[in-house]
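Notes follow the structure.
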Amino acid sequence: MVKNKKDGSTDSSLRGLPGVDALLKSKGLSTAIKAHSLSLVTGCVRESLDAVREAVSSGLIEMPGEADIIGDVLATIEGLLTPGLRPVVNATGTVLHTNLGRAELAASAIEALANSAGPANVEYDLKE
């Protein structure tokens, strides 16, 4: 339970927050566990619950429902697993890599290479 920093009392508004185990047993996250891994999903659940606790305690949001928390967890997982390279227009020059043909590439590496074969955000973080 989170204690109120001002007077040391327990924040009772967080009592309705589902636990990690309850969320992991939900249908939406059990599918994610099968598709990815228990440790990845558990880490994302803990991260989401920590963010909710902080936001609710500071009064930024109302207590979200379980479905909202699960949606946040799934979005976090998707964000972690989405490749960082995306198509962009490189008007400054050509990126050249001389080592691409020297070793046999795994199928997953070939797929990643094909996905990044066009213009991509190599040096720029597009989130900023």
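What are the residue pairs meeting all of these: first residue in segment 32-51, first residue over 23 Å from Pro64 (Cα atoms) and touching a residue at least 24 places away in the same chain (Cβ under 8 Å), second residue surrounded by 14 or more Cβ atoms within 10 Å (Cβ to Cβ) and hydrophobic (A, V, I, L, M, F, W, C), Cβ atoms under 9 Å, and 6 or more apart or on different chains?
Going by the 9 Å Cβ cut-off, the qualifying pairs are His36/Ile77.
In this structure, does Glu104 turn out to be modelled with pLDDT under 90 and outside any loop (DSSP other than H, G, I, E, B)?
It is false that Glu104 is modelled with pLDDT under 90 and outside any loop (DSSP other than H, G, I, E, B).
Would you call Gly59 at pLDDT below 95 and assigned by TED's automatic domain parsing to the domain that holds Glu128?
Considered against the rule, which asks whether it is at pLDDT below 95 and assigned by TED's automatic domain parsing to the domain that holds Glu128, Gly59 comes out as no.
The values are calculated or read from the model by the stated rules, or taken from the named source; none is laboratory data. Small disclaimer: the values here were computed from a predicted structure and weren't measured. Every residue, glycine among them, receives a Cβ derived from its backbone with ideal geometry; neighbour counts consider all protein chains shown.
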